[in-house]
Amino acid sequence: MSYVAPAIRDKFETLSVNLKNAILERDVQLYSIHDLIHVLEDIVAEAEAQEAEEKAKIHAAT
């Protein structure tokens, strides 16, 4: 179960509902702003990898 420390709850609550849900689905423990940033970086990296994979599939099909 995910945990967001009271110290960063305000920052966490500024995120979109979709992004908050994506973070909470990861069962992460967020005690500091650095923990939150790390999870956000992971999400961005995964999205970029997925986008690159989709572009490669499109390119291969043409």
Can you name the number of the only condition in (1) in contact (Cβ under 8 Å) with a residue 24 or more places away in the chain; (2) of a type in the set (A, V, I, L, M); (3) surrounded by 10 or more Cβ atoms within 10 Å (Cβ to Cβ) that Met1 fails?
(3)
Any chance Ala61 is over 9 Å from the mean Cα position of the chain (by Cα), hydrophobic (A, V, I, L, M, F, W, C) and more than 18 Å from Lys11 (Cα to Cα):
yes
Within segment 4-24, of all residues that are touching a residue at least 12 places away in the same chain (Cβ under 8 Å) and under 12 Å from the mean Cα position of the chain (by Cα), the one farthest from Ala47 (Cα to Cα) is Phe12
Matching residues, segment 12-62, being β-branched (Val, Ile, Thr) and either in contact with a Pro (Cβ under 7 Å, 6 or more places away or on another chain) or at pLDDT 95 or above (or both):
Thr14, Val17, Ile23, Val28, Ile33, Ile37, Val39, Ile43, Val44
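The values are calculated or read from the model by the stated rules, or taken from the named source; none is laboratory data. No experiment lies behind these values; they were computed from the predicted model shown. Backbone-built Cβ (ideal geometry, glycine too); neighbour counts: all protein chains shown.
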